[in-house]
1. Roughly how far apart, in whole Å, are the Cα centres of region A:51-103 and region B:240-279?
2. How many percent of all Cα-Cα pairs in region A:97-178 sit more than 19 Å apart?
3. Could you list the square roots of 5 times each eigenvalue of the Cα gyration tensor of the protein assembly as shown, that is, the equivalent ellipsoid semi-axes, sorted largest first and rounded to whole Å?
4. Kindly express, to the nearest 10 degrees and within the range 0 to 90, the angle between helix B:269-288's C-alpha long axis and the longest C-alpha principal axis of chain B.
5. How much net charge surrounds A:T20 when only the other residues with a Cβ under 14 Å from the Cβ of A:T20 are counted, with Lys and Arg +1 and Asp and Glu -1?
6. With an 8 Å Cα cut-off and a minimum separation of 6 or more residues, compute the relative contact order for region A:339-453 in percent.
7. Rg/Rh for region B:118-348: what does it come to with C-alpha atoms and Rh from Kirkwood?
8. Need the per-residue list for region B:219-263: every residue with at least 30 Å² less accessible surface in the complex of protein chains than in the chain by itself, probe 1.4 Å, sorted by number.
Amino acid sequence: MALSTHREEDFLLKVNNLKTVFVTEDSEVTAVDDVSFTLNRGETLGIVGESGSGKSVTALSIMKLIPNPPGKIVGGQILFNSPTKGIIDLVSLKEREMLYERGNEIAMIFQEPMTSLNPVYTCGNQVMESILLHRKVSWQEAKRITIDLFKKVELPRAESIFNAYPHEISGGQKQRVMIAMAMSCNPSLLIADEPTTALDVTVQARILDMMRHLRDENDMSIIFITHDLGVVAEIADKVAVMYRGKIVEIGDTFDIFNTPQHPYTKSLLACRPRLDIKLKVLPVASDFMNVDMEGVITEKSTEQKYSSVGEALLLNFTDDEEIHERNAYLASQPPILEVQNLKMYFPIKKGLFGKSKEVVKAVDDVSFVVYPGETIGLVGESGCGKTTLGRAILRLIEPTDGQIIFDGRNITHIKKEELRKLRKDVQIIFQDPYSSLNPRMTIGEAILEPMRVNKIYENDFQRKKHTIELLEKVNLSKKHFERYPHEFSGGQRQRIAIARALALNPKFIICDESVSALDVSVQAQVLNLLNSLKEEFNFTYIFISHDLSVVKFMSDRIIVMNKGKIEEIGYAEDIYKSPKTEYTQRLISSIPKGNLEDIRRAQLKRKIKF
Amino acid sequence: MLQYIIRRMLYGTLVLLGAVVVVFFIFNVLPGDPVSMLAGTRTDVAKRDEIARDLGLYEPLHRQLYLYLRDLSPVSVHENTPEEREKYEYLPLLTWGKNVIVLKMPYLRRSYQNNRRVSEIIWENMEGTFWLALAAMLFATIFGMTIGIIASLKYNTTLDHAMVSLSVIGISSPPYVIGTLMAMIFGYYLSNITGLNITGHLWDLDDNGNKVLVLKNIILPAITLGLRPLAIIVQLTRSSMLDVLSQDYIRTARAKGLHYYTIVVKHALKNALNPVITAVSGWLASLMAGAFFVEVIFGWKGLGTVTIDAINNLDFPIVMGVTIFVAFSFIIINILVDLLYALVDPRVRVK
């Protein structure tokens, strides 16, 4: 609608009925199923969907980087309007000619800046490689271009980063190097596959800003892939929503946000934790739609559940009075956990005989209390010490100094035997559900083991019975007992990890970025589960996350950490409505909000340019 | 980095000290009479007594250990007498009274069989072993890595399976079997075609009694010795390459439009090297210990032959000397390898 002024032949990329399959010995999975879209010059298309929806495979198909075997493009056309070669079909293009396009006219940025750069070459070398390959310039010239690019992507000290190895710079800087690499040959099309997902919100905001700027400056088209609708709203002109390999809805960004048609799009919009209001339960995909065995989606009838995003939110709203009442009740109890002047230092530089010379102050003089039944949100950018603090409370690492008082008892220096008893009461749920479960242990065993170690119940028969109860608590079933972790999805694994934490009947649970690795829709399910368990068992949570909207949804009170120190502590609503420190203000303003007014304004601004 | 090297050297010295002490005690509990070995059977009691005193056999064990350590230490205190001077060939640093602090080559004592200095014997025979080990490892590394890379690029094809199967055979066949077969087939039955001998050393004497280099003699023993490390390097390179090729930065390199072989050689190989370096250095060090069977089978003059000979004759100083020398080579090679790691992988440099 917005860009209909373009003529038909103005397109840059036209994907027609693309179909990509992955063939294994006994099955064939269609990862991209009959996908079609058109991208005009200078336009930005956002592709949104959960993991496994085929959005990355679509991108890799355009680059023809599908790992083969097992992947293969089996049908369709990818027409690319090359500035030098005219309209070409990438699907039938020879590999030798594809090498010319890759990195030159079509460039790509990947999700994981940490692992996407080669660790044994300097950043400068890796960017120059691309320039020397595609542009006929001398070594000196290439170096000059590279340093210019580094300046353009706002890298500090461009010359020294030129000579730095990837492990010597931060994640955000690595992603900037990746962007510089992608921009090095002035591509007409930039494909960005979740470029900001692994980064902190403040860094994400700055990178998005820079990408917008580069796009407008170079008249470049972007395909921006993400699972976060909020991010899409910040940058895209058009949005395509993918689900199970198909584009279920495609349209103008404003229209998608304003009048979503497909139930899946509605659920995606509704399940994002919001900053403005506090919901009791997050709406999830199954509130909007049914998926039958063949993967056919049908919208739920109005009587069954919500018919629109607005309705889903209104029915769940918690008003201020309820919040106040709850906060007053919580604070009237004696605290369950007191942390006093906790310090956690790590030595970094070692002298000749292993004596430490310098220390990193990961947690620096932190004090706070937690009341029973409360959820404390611990939020901050990566490296702020929030994870270290969580581990120190659990005594997984020995604090350097300070006191930890749990349930009236000083646990800062208790011995091993008592520590084991403590671990019964305090449990942790880790970030990565993929690596925190032993791949060689059935999930039943994994949940049962802590009970056996702590001698809960008399024999394995009873323990097994309890394990099955726990599995049912987290919406899994008896039949899952004998299965291995690799048979489960990320969300299921995280629920298994929750069941394992529950096995010892703890009072206190530390959730360390427990939903960060999950898709928004799955994240909503897990958050709801955590909340309902809390009501059932009266748990106390410390909820650690870098995602402020998630923390806001979960927490009664919030601690904002920065560089090992507490920046601000207060009730969740207060922190968001009137942040006191400049750091908190910046954190909050960096969150992509996806509200309609902002989108409309951004779109109008873009249209004037066209 | 320099600090790191110094620390590694200090640790190395400690390891060496431990090795010396262990070796000393092991050889003290072994049976055998060094005095009879040295003096032969037809000597008088006085002569035997003198030899025993010279070897320090009348001293208590801890004093014997002290004397042995003093002999080995490059800096030590000795009596300032002409006998001592001749025995240790030392360089005096500081004299006071009867004693002198000296700088010397470690004194490994003398062979019981022919009374020659052990260090001299090791030095003479080390060359053969060194060249043999080096040739074997070069053969193993070059072919092993090439085959490993090819196997990883042809992952899950017949060629890959064949190479992996062959390498399993290589790992599981003992060198004395391979050695005997190689010597029989290529050195005897096919010697008309190959022109190789069953036995022979790197240096030979020609008709005029001059030393000549016979390079072809190294071929069979080196291949025999290198076969096993080769098989292991194939597997290591292959699995390491497979791991690296599935990394995100390889995808990045492909997205740049680089040619596949450039990616393999420039981006993948350097990352895949670490485990291979570990294996190569470990093998090189243990081959320096002398490849006993192979040296004996091919009549190669090296540390292996000397050691077996010494063991047969209960010539303990040689066996002890070789053991300590091997420990020393291990430590040196390990320090060199650590430097090599840092060269290949910048992430190691920080630590």
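The values are calculated or read from the model by the stated rules, or taken from the named source; none is laboratory data. What you are looking at is a predicted structure, and each value in this text was computed from that prediction instead of being measured. As a convention, Cβ positions derive from the backbone with ideal geometry for all residues, glycine included, and neighbour counts pool all protein chains shown. Surface accessibility is based on the protein's heavy atoms, side chains included, excluding ligands, DNA and RNA. Shrake-Rupley method; radii C 1.70, N 1.55, O 1.52, S 1.80 Å.
1. Each part reduced to its Cα centre gives a spacing of 22 Å.
2. 35 percent
3. After diagonalising the Cα gyration tensor, the semi-axes are 65, 39, 27 Å.
4. Compared with the principal axis, the helix lies near 30 degrees.
5. +3
6. About 23 percent, as a whole number.
7. 1.05
8. Flagged in region B:219-263: B:D248, B:Y249, B:R251, B:T252, B:R254, B:A255, B:K256, B:G257, B:L258.
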